[in-house]
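The values are calculated or read from the model by the stated rules, or taken from the named source; none is laboratory data. Worth saying up front: this structure is predicted, and the values here are computed from it rather than measured. Virtual Cβ from ideal backbone geometry, glycine too; neighbours counted across all protein chains shown. Protein only, heavy atoms only, side chains kept; ligands, DNA and RNA dropped before computing areas. Shrake-Rupley method; radii C 1.70, N 1.55, O 1.52, S 1.80 Å.
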Amino acid sequence: MHLQVSQVSKSFGTGRDLKLVLEDISLELVSGQFMALVGSSGSGKSTVMRLIAGLERPSAGTIHLDGEQVRRPGSDRGMVFQKYSLYPWLTAAQNVAFGLSLQGRGKAEIRERTAYFLDVVGLADAARLLPKELSGGMQQRVAIARALATEPKVLLLDEPFGALDLQIRESMQEFLHDLWRRTGLTALLITHDIEEALLLAGTVHIMAPRPGRVVHTVDVGLDRSDLRHLRVSQPFLELREELASRLRSLDGSLL
Amino acid sequence: MASPPTLRRLLSHPWVLGVLGILTVFLFWLLVTSIGVVDKLFLPSPAAVWEAGSSQFQRGILVNDAMASIRRVFLGFVISAGLALPIGIAMGTNRTICHLLEPLMALIRYMPAPAFIPLLIIYFGLEELPKVMLIFIGTFFFNALMIMDAVKFVPSELVETALTLGGRGLPILTRVVAPFIAPQVLDTYRINMASAWNLVIVAELVAANEGLGKRISLAQRFLRTDEIFVGLIVIGLIGLMIDLGFRFLMRRACSWAN
């Protein structure tokens, strides 16, 4: 798997209302890599993800996935949103099965894969529950299982834990890290939370707003054998503070 | 004897309170008519209304009238609802269609449907067609515009999730948009059914051989206020039953939305 974003710019509107939201973004993501884009709101980080997903088209530059140009959404790029991530009228299992049945896979295969991926996210017991009967964290786990079930080459996560309580968010970060280690998935995470990015991603890009651009890149070389410990370890806290002050100096807003 | 807390809980139950409200008005009616402060020609007693009702029922007029009115409402509303669904969805999903039709529909919506009656009589005579058309005109534009709104409020995330799972076009309409708007569509139908039911009575007041509205206008001619009351109460009861039917359907079919 090789995702290449080359010199992508994006502007919305026309004429006098033309607004440049992304300027000259270049990124590269390979199999098994976990990358994060961090920035304040308005830094265009979600737009980068929507461009990769094919939900928007770049104004300039190109995006290639395994040599093929991205022109429209497809199941090779699974996506998890922050809000409305599940279909409220479908059970957890039916949500996981949704993509598979859209692709017209056989009944037996759908049943088998649904059970497998619900099990992967630890929700085999919740198969028959409706989203409203699940906690926020469980809902996001189902959404991740649904995105994984169609076997995407890359998983796009758009602030997936942004709406969760702090404690649940921490356990979801541990869950995602564990999932990444077990399955070797490739992921691109969008977040405004520096701690989340440093905990999970091997490469962290810091984005600045007006227009959105990557201003700093960190390769995180921390020992991730114990996330709980890592969270409070000295090198981690120092790195976090360094990036936080960098972000503060960028747009003057508190993070 | 029920202890005070149980009694209070019983009294605060919505059904009990609802019945209590109706019962109060009924008792007031009974009281006013029994002490004879109002001429019974103007306000007949509950007993007289019951008498007139059962007489109409025994002669088969009541069921016949009710069926005639229900048939017109059903026919007009099924056509209206059936056409409003695809057109409302098309307006909600396609910008061009929306810009083309919304101003037109918003304009016609504000023309009172009963004002079309003279025109409909000139065009279609005095048979069933003008009455069915009136119900169609009076409900179609509301149905279509309200369905359009429901479609516009489908969260983009739900559609985009389907796109990133490999979905396209029609399956997104049938498997994402349709289930999401189903509760609002049923509610739209429930609300607009009330105006359909109003309009059929108006149409029958103007011209008809049978129907609950026709019976009321005949009763007026002979100063039979008791029969007017029968008509009003039956109309109200049938309307309420349709409303409850829609609510029941919504609870059964869209339990996820409650």
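Which of the residues that make up region B:244-258 are open to solvent by less than 40 Å² (accessible area, probe 1.4 Å), closer than 26 Å to B:ALA66 by Cβ and either within 14 Å of chain A (Cβ to nearest Cβ) or touching a residue at least 24 places away in the same chain (Cβ under 8 Å) (or both)? The answer is B:PHE246, and nothing else.
Scan region A:24-58 residue by residue and report those that are more than 14 Å from chain B (Cβ to nearest Cβ) and closer than 12 Å to A:SER6 by Cα. Result: A:ASP24, A:ILE25, A:SER26, A:LEU27, A:GLU28, A:LEU29, A:VAL48, A:PRO58. Considering the conditions (1) more than 14 Å from chain B (Cβ to nearest Cβ); (2) open to solvent by 30 Å² or more (accessible area, probe 1.4 Å); (3) part of a loop (DSSP other than H, G, I, E, B), A:ARG72 is excluded by exactly one of them, (1).
Among the numbered conditions (1) facing chain B (nearest Cβ under 10 Å); (2) surrounded by 17 or more Cβ atoms within 10 Å (Cβ to Cβ), the only one that A:ALA93 does not meet is (1).
Can you confirm whether A:MET79 is within 14 Å of chain B (Cβ to nearest Cβ), in contact (Cβ under 8 Å) with a residue 24 or more places away in the chain and in a strand (DSSP E or B)? Yes.
Of the residues making up region B:96-107, those that are touching a residue at least 12 places away in the same chain (Cβ under 8 Å) and surrounded by 13 or more Cβ atoms within 10 Å (Cβ to Cβ) are B:CYS98, B:LEU101, B:GLU102, B:MET105. For beta carbons closer than 8 Å, sequence separation of 6+ or different chains, a first residue in region B:46-65 that is assigned to a helix (DSSP H, G or I) and a second that is buried (at least 18 other Cβ atoms within 10 Å of the Cβ) and among the β-branched types (Val, Ile, Thr), the qualifying pairs are B:PRO46/B:THR33; B:VAL49/B:VAL230; B:ALA52/B:VAL230; B:GLY53/B:VAL230; B:GLY53/B:VAL234; B:GLN56/B:VAL230; B:LEU62/B:VAL230; B:LEU62/B:VAL234. The residue of region A:201-255 that is surrounded by the most Cβ atoms within 10 Å (Cβ to Cβ), among those that are touching a Leu at 6+ places or on another chain (Cβ under 9 Å) and basic (Lys, Arg), is A:ARG213.
For beta carbons closer than 7 Å, sequence separation of 6+ or different chains, a first residue in region A:101-117 that is among the charged types (D, E, K, R) and a second that is open to solvent by less than 40 Å² (accessible area, probe 1.4 Å), the qualifying pairs are A:ARG113/A:LEU100; A:ARG113/A:ALA149. Considering region A:1-45, the residues that are part of a strand (DSSP E or B), without any contact (Cβ under 8 Å) to a residue 60 or more places away in the chain and hydrophobic (A, V, I, L, M, F, W, C) include one that is most open to solvent (accessible area, probe 1.4 Å), namely A:PHE12.
Yes/no matrix, rows are residues, columns are (1) assigned to a helix (DSSP H, G or I); (2) in contact with a strand residue (DSSP E or B) (Cβ under 8 Å, 6 or more places away or on another chain); (3) away from chain A (no Cβ under 14 Å):
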| residue | (1), (2), (3) |
| --- | --- |
| B:LEU126 | no, no, yes |
| B:VAL151 | yes, no, yes |
| B:LEU163 | yes, no, no |
| B:ARG175 | yes, no, no |
